[in-house]
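Where a number appears in this text, it was derived from the coordinates with a stated rule and is not lab data. Note that the coordinates shown come from a computational prediction; the quantities given were computed from them, not determined experimentally. Note that each Cβ is placed from the backbone with ideal geometry, even for glycine, and that neighbours are counted across all protein chains shown.
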Amino acid sequence: MISLENISKIFHKGKENELSALKNISLKIDKGEFVTLVGANGSGKTTLLNIIGGAEKPSSGSVRINGEDITRIPEHKRSKWIARVFQNPNNGTAPDLTILDNFRLAALRTRRKSLKIGADKVFKREVISRIAGLGMGLENKINQSMGNLSGGQRQALTLLMSVMDNTDILLLDEPTAALDPKSARVVLNLADTFNKEMGITVILITHSLKDAQQYGGRLIQLQEGKIARDINTESKLQLSLADISEWFG
Amino acid sequence: MSQFYLAALQLSLCLGPMAMGIYITMKVFNIPDITTDGSYTLGAAVAATLLMHHWSPLAVLPVCMLAGAIAGICTALVHTKLKIDALLAGILVMTGLYSINLIILGRSNIPLINLPVLFNAFTFFENELYNQLFIAVLIVGILSFLLRYLLRTDFGIAMRAAGNNPMMTRSLGVNNDVIKIIGLAIANALTALSGFLVSQYQGFTDINMGIGIVITGLGSVLIADSLRAWMNITNIGLQIAMVLVGSFLFQMVLAFTLAMGVDPNFLKLFTALFVLLIVALPRAGRILKRA
Ligand SMILES: Nc1ncnc2c1ncn2[C@@H]1O[C@H](COP(=O)(O)OP(=O)(O)O)[C@@H](O)[C@H]1O
Ligand SMILES: [Mg+2]
């Protein structure tokens with residue numbers, strides 16, 4: 001489904017501060033996989049996700065989705081397949097818009113934003129029932145500004161928004177880094193559900209080794225822009241938290 | 001005295017579309033667009049020329065809005081495609097427009113006496129003043145309704161979100177550049193319409209009529225913003241209404257100043273100081289509260 005071939009990313013090429021963030025990475029991820037990506041700060045995790053999502057273009061190499069070369073396709077057009085949740089809960093939602101308007105826009109991720117009023121009664125009911133499923137008590141606040149909510153609430157809603165429209169791939173860049181443990185659990189469990197029940201391919205970056213051990217099948221470790229370890233689901237089940245900690249010695 | 005209020009009301013209605021345009025660029029998109037000074041005069045210049053060629057005022061209206069839209073698109077293209085700061089892009093287009101306006105007008109001032117006037121195109125009231133006022137209300141009312149509708153559509157949600165969180169809209173399949181281009185086109189079309197309406201109100205078009213007009217629109221939007229925050233308004237229709245109220249209050253203050261016998265030469269200086277006051281007051285209030 002996702003296939004990266006010989007991806008390199010060099011920042012500030014030719015300048016004194018030239019930096020090789022990704023070095024000739026090749027990687028294939030199948031449909032329905034839940035990949036957890038770990039690695040030290042600056043090892044290139046975010047850059048890798050940005051290259052899949054289209055926020056960054058690789059210096060060399062190609063990105064394919066379902067065999068189609070999308071290396072040169074801009075970010076807003078990749079939203080046809082890809083939804084993203086960012087580390088900062090403020091990045092995934094528009095604070096001055098209501099919860100309902102945020103959901104309406106998310107529901108149109110792969111479609112045209114036309115000149116009709118789409119946030120009608122039917123749509124409202126649909127949003128309310130989905131939000132109620134979170135169990136955070138937000139379902140009667142859909143006409144409030146998104147900016148009034150806590151980071152955890154916003155992040156949970158962002159994740160819920162990401163599946164309002166057809167989603168093949170979900171990219172999660174440390175989605176729980178800024179959250180309290182309880183909200184973090186809600187968010188990761190939701191991602192897990194989307195993966196298991198809807199077959200969505202998930203790539204999760206996390207700093208928490210505990211989450212890395214607990215969530216996802218395949219586990220990949222990046223180190224200085226290269227893949228240091230790529231552990232499949234069966235082998236990962238054998239790994240203990242101590243084993244993973246050891247990688248970061 | 002009531003004449004005095006009515007004149008201020010009429011002028012504030014004529015300037016209403018421009019204030020709505022500034023609301024779009026400043027509050028919806030978060031872009032400081034000052035193409036305004038140029039596109040305002042552009043609307044008046046195009047209208048004067050067409051009226052001289054015996055066009056009816058009703059036919060002139062869409063054409064001068066189109067001219068304003070093109071000016072806005074120029075600014076947006078310079079900003080999005082050449083990646084030039086929006087403020088600078090606006091100044092460049094505004095400066096260029098001065099020459100274009102002069103070419104369209106052919107001279108620096110065209111009187112519109114003895115030509116048909118938009119505000120007399122229909123007769124609803126015997127009293128000419130009321131009739132003019134009513135037509136102005138009608139035009140501004142229709143535009144407010146359309147703008148309110150637009151901002152509530154799916155496209156309008158994308159517009160509002162693009163100004164609020166561009167990173168999010170990009171990841172939701174919105175082409176932010178296209179949205180900015182359309183937004184600046186609408187804003188400057190509204191501004192050009194204001195130029196036309198004011199030229200109709202005052203009976204002439206002047207090459208310098210747009211100088212500093214952006215401040216008037218800005219002042220109206222800032223007043224509206226204070227009212228919105230004070231009354232805690234989230235409804236889009238009410239927000240647009242507040243912009244029009246802001247435009248009226250602004251004209252009232254200026255009319256008052258003139259009536260008090262302030263030298264008209266000081267009017268621009270006074271306008272600038274007034275806007276400064278609107279911006280500074282809430283801050284001063286906060287500082288005092290802390291002290
Ligand atoms: N836009 C950028 N410009 C310059 N350097 C960057 C940019 N983005 C990331 N980098 C650098 O690339 C390296 C990898 O960064 P990143 O992918 O964010 O790492 P991680 O997410 O694993 O912490 C870091 O050294 C970082 O400073
Ligand atoms: Mg990172």
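In plain terms, the chain from A:PHE248 to A:ASP192 could stretch by 17.6 nm, reckoned as 0.36 nm per residue minus the Cα-Cα distance.
Nearest 20 debye, what's the magnitude of the dipole of chain A about its Cα centre given +1 on Lys and Arg Cβ and -1 on Asp and Glu Cβ? Mind showing how you got there, number by number?
Numbers: 34 positive and 27 negative charges, 170 e Å.
Value, rounded to 20: 820 debye.
Scattering from chain B was approximated by placing one identical point on each alpha carbon and applying the Debye formula without solvent; log10 I(q)/I(0) at 0.08, 0.14 1/Å stands at -0.34, -1.05.
Considering region B:10-50, its Cα convex hull presents a mean projected area of 3.2 nm². In order along region B:228-238, the Karplus-derived 3J(HN,Hα) couplings, from 6.51 cos²θ - 1.76 cosθ + 1.60 at θ = phi - 60°, round to 4, 5, 5, 9, 6, 8, 10, 4, 5, x, 5 Hz, and Gly and Pro are given as x. Cβ crowding within 10 Å ranks B:LYS27, A:LYS121, A:LYS45 as A:LYS121, B:LYS27, A:LYS45, fewest other Cβ atoms first. Once backbone amide H atoms are built at 1.01 Å from N, B:MET209 has no partners under 5 Å, excluding neighbours fewer than 5 places away on the same chain. Computed from the Cβ-Cβ distance with R0 of 25 Å, the FRET efficiency linking B:ASN114 to B:LEU66 stands at 0.45. Could you pull out which residues in region B:1-41 have an amide N less than 19 Å from a spot 7 Å beyond the Cα of B:LYS81, following the Cα-Cβ vector? Of the residues in region B:1-41, B:35 have backbone N under 19 Å from the label point off B:LYS81. Between the listed residues A:SER8, A:SER26, A:HIS76, the Cα displaced farthest toward the positive end of the dipole of region A:1-85, a dipole computed from Cβ unit charges relative to the Cα centre, is found at A:HIS76.
Which whole-number percent gives the relative contact order of chain A, counting Cα pairs below 8 Å spaced six or more residues apart?
Numbers: 458 pairs, mean separation 66.4, N = 249.
Over chain A, the number comes to 27 percent.
Starting from a Cα-only point model with no solvent, please compute log10 I(q)/I(0) by Debye for region B:72-215 at q = 0.16 1/Å. Those come out to -1.02, one per q.
The convex hull built on the alpha-carbon positions of the protein assembly as shown has an orientation-averaged projected area of 31.3 nm². Considering the options B:PRO62, B:MET231, B:ILE139, tell which one lies farthest towards the positive end of the dipole of chain B, charges being +1 on Lys and Arg and -1 on Asp and Glu at the Cβ, about the Cα centre. Most positive-ward Cα: B:MET231. Quick one: longest stretch of chain A between exposed loop GluC sites (Glu not before Pro), exposed meaning at most 10 other C-beta atoms within 10 Å and loop per DSSP? Here the longest run is A:19-249. The modelled label-to-label distance between B:ALA229 and A:MET1, using points 7 Å beyond Cα along the C-beta direction, is 4.7 nm.
What full-extension length gain, to one decimal in nm, is calculated for A:LYS121 and A:ARG229 as 0.36 nm per residue of separation minus the Cα-Cα distance?
Between A:LYS121 and A:ARG229, full extension yields 33.9 nm more.
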